[in-house]
Every structure is written in structure tokens, then in C-alpha cells.
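Here is the structure we will look at, set down as C-alpha cells.
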Amino acid sequence: MTHTTPSVITIDGPSGVGKGTTAKRVASTLGWHFLDSGALYRILAYACERHEVSLDDIDAVILVATTMAVEFDFDRDGADAILLDGTDVATQIRTEAVAAGASMVASNGAIRQVLLQRQRNFAMHPGLVADGRDMGTVVFPESSCKIFLTATADERAIRRQRQLKENGNGVSLRALLAEIKVRDERDASRTVAPLKPADDAVVIDTTHLSVSDVVTRVLELAHERFDLN
Ligand code: DC
């Protein structure tokens with residue numbers, strides 16, 4: 001039984017940069033836990049929709065955020081189960097409507113505060129890989145291994161288009177690029193927890209890197225920073 005604080009690797013960056021895939025592979029290679037913090041914001045928006053709670057009614061949203069039962073069961077191959085009050089909502093939380101709701105709840109400081117402790121509870125031995133926007137700056141500021149991934153907006157639009165195509169959906173590159181630029185601007189300019197690298201984060205530009213290149217780089221850093229065997 002160990003009593004030290006669990007090690008945490010934080011992986012932050014804008015949407016479409018490949019944080020989720022990278023973080024999941026790193027967690028799986030190390031045998032560590034994984035937190036998809038964006039999914040928490042999405043689950044909250046979805047839970048509010050299900051309970052017919054208006055996202056403008058902050059007290060009611062906070063009540064949902066405090067009481068909803070969430071469980072993650074991640075699979076390396078992507079067949080994740082994300083349970084909200086016992087029901088798998090992994091597919092339902094990936095719609096554009098839920099993303100828009102998630103972005104709304106994520107811009108409220110009081111709501112973020114409620115989700116803060118829930119996110120910190122994921123830090124467990126042997127370690128945690130946490131993926132999000134403010135993992136290194138707000139949620140796990142004590143982490144000694146902080147990564148911030150970037151890629152050009154064009155490259156992220158191309159990646160997103162490829163991903164959508166694999167799922168049988170076709171969207172024009174121009175529309176995706178416009179959407180990504182709007183989201184980047186909103187994420188970076190909001191007053192609470194704006195998207196920015198922590199001062200001590202290692203910034204990796206993934207524009208010309210494959211997922212395995214990025215995973216290898218993160219694992220190298222993890223081995224430098226932690227006593228891993
Ligand atoms: O990464 P994602 O698209 O699943 O995130 C959903 C929303 O939550 C998005 O608007 C960004 C926001 N978010 C956040 O504000 N802080 C985080 N740590 C993770 C996500």
C-alpha cells in the first residue's frame with residue numbers, strides 16, 4: 001500500500017489535435033488510469049437534456065453535476081463504455097448538439113468548480129493520464145509531466161474529416177475548418193480556464209507527426225519525469 005500522491009500526466013490542447021487517442025495509448029501502455037475530462041462536460045450537458053434542465057438554470061445544472069453517477073470503462077480499441085446513471089451514453093454524447101451544450105456548461109466558473117473535485121478523484125495509483133484543456137493549469141497543477149499538443153487548424157480539420165469519414169459521415173473541409181476556428185477562439189478567449197499551455201508544459205507541435213510519434217515522445221518524457229520501470 002503506497003501513500004504517495006499518484007503520478008499524473010496531463011495532456012492538454014485544442015479540439016482535433018489527437019489528445020484523446022494519444023492519452024489513451026499512453027495510459028494503456030503504462031497500465032495507468034485515463035480521464036477524458038471533455039466527456040464529463042459532455043455527460044453533464046446530456047444529463048441536463050435528459051432531465052429537461054435548461055442550461056441557463058445554473059443552480060439546476062449544478063445539482064445535476066453534483067448528483068449524476070458517472071463511470072468510465074475505456075478500451076484501447078476505442079469501444080469505450082461511458083455510463084451515466086448506469087446507462088451507456090458513449091455514442092449519445094458525441095453529437096454536435098451535445099458538444100454545443102458542453103461548451104456552454106464549460107464556460108461557467110461555478111459549474112467548473114463542481115466538476116473540479118470529480119476530476120481530481122480520478123488520480124489513483126499507479127497513475128493517471130488526464131486529457132483536456134486545463135488539466136495542467138487548473139485541475140492537476142502539481143503534475144510534473146505536462147504536455148500541450150498543437151497542430152495547425154488546417155491539419156486538425158483534415159484529421160477530423162478523416163475521422164468522420166471512417167464513421168460514414170461526410171462534411172466539407174471548409175465547414176470543418178470554420179467550425180474549428182470558431183471553437184479555438186471561444187476556448188482561448190473565455191475568462192474561466194482559457195485554453196493555454198501551463199508555464200511548465202512541454203509543447204509538441206503534432207502537425208507533421210504520426211500518433212505513434214507523439215505517443216513515443218510522451219512516453220519518453222514520462223520516463224524522464226517519473227521513476228518508471
Ligand atoms: O474535448 P471535448 O470536445 O470532448 O470537450 C467538450 C467541451 O468541454 C468543449 O467545449 C471544451 C470543454 N472542456 C473544457 O472546458 N475543459 C476540459 N478540461 C475539457 C473540455
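If you filter the stretch 109-155 down to residues that are in a helix (DSSP H, G or I) and within 14 Å of residue 18 (Cα to Cα), you find that the one that is farthest from the ligand (Cβ to nearest atom) is 154. Only one of these conditions is not met by residue 37: (1) closer than 18 Å to residue 117 by Cα; (2) of a type in the set (S, T, N, Q); (3) touching a Leu at 6+ places or on another chain (Cβ under 7 Å). Which number is it? Every listed condition holds for residue 37 apart from (3). Considering the stretch 1-47, the residues that are in a loop (DSSP other than H, G, I, E, B) and of a type in the set (Ser, Thr, Tyr) include one that is farthest from residue 196 (Cα to Cα), namely 2. Scanning the stretch 195-229 for residues that are in contact with a Lys or Arg (Cβ under 9 Å, 6 or more places away or on another chain), outside any loop (DSSP other than H, G, I, E, B) and small (Gly, Ala, Ser) yields a single hit, 212.
Say whether the condition of being more than 25 Å from residue 8 (Cα to Cα), part of a loop (DSSP other than H, G, I, E, B) and in contact (Cβ under 8 Å) with a residue 24 or more places away in the chain is met by at least one residue in the stretch 89-106. Checked the stretch 89-106: at least one residue is more than 25 Å from residue 8 (Cα to Cα), part of a loop (DSSP other than H, G, I, E, B) and in contact (Cβ under 8 Å) with a residue 24 or more places away in the chain.
With respect to the stated conditions, residue 14 fails to be touching a His at 6+ places or on another chain (Cβ under 9 Å) and modelled with pLDDT under 95. The residues on offer are 138, 98, and the sole one that is under 15 Å from the mean Cα position of the chain (by Cα), buried (at least 19 other Cβ atoms within 10 Å of the Cβ) and either on the phi > 0 side of the Ramachandran plot or of a type outside the set (Gly, Ala, Ser) (or both) is 98.
Determine, yes or no, whether residue 85 is at pLDDT 90 or above and not polar (S, T, N, Q). I'd like the intermediate steps shown before the answer.
Numbers: at pLDDT 90 or above: yes; not polar (S, T, N, Q): yes.
So residue 85 passes the test.
When the residues of the stretch 61-88 are filtered to those that are touching a residue at least 12 places away in the same chain (Cβ under 8 Å) and part of a helix (DSSP H, G or I), which remaining residue is nearest to the chain's Cα centre (by Cα)? Taking the candidates together, the pick is 65.
Quick check on residue 38: is it buried (at least 21 other Cβ atoms within 10 Å of the Cβ) and either away from the ligand (no atom under 11 Å from the Cβ) or touching a residue at least 12 places away in the same chain (Cβ under 8 Å) (or both)? Walk me through how you get there before you give the answer.
Values: buried (at least 21 other Cβ atoms within 10 Å of the Cβ): no; either away from the ligand (no atom under 11 Å from the Cβ) or touching a residue at least 12 places away in the same chain (Cβ under 8 Å) (or both): yes.
No.
Within the stretch 189-211, the set of residues being touching a residue at least 24 places away in the same chain (Cβ under 8 Å) and of a type in the set (Gly, Ala, Ser) comprises 193, 198, 201.
Please verify whether residue 100 is more than 8 Å from the ligand (Cβ to nearest atom) and modelled with pLDDT under 95, treating the condition exactly as stated. Judged against the criteria, residue 100 is a match.
Within the stretch 156-189, how many residues are in a helix (DSSP H, G or I) and over 21 Å from residue 106 (Cβ atoms)? Even if it seems obvious, please write down each step before you answer.
In the first step, residues of the stretch 156-189 are kept if they are in a helix (DSSP H, G or I); the result is 156-166, 173-189.
Checking which are over 21 Å from residue 106 (Cβ atoms) leaves us with 157-159, 161-166, 173-175, 177.
Residues that pass the stated criteria total 13.
The values are calculated or read from the model by the stated rules, or taken from the named source; none is laboratory data. A quick note: this is a predicted structure, and the numbers were derived from the prediction, not measured. Positions of Cβ are backbone-derived with ideal geometry, glycine not excepted, and every protein chain shown enters the neighbour counts.
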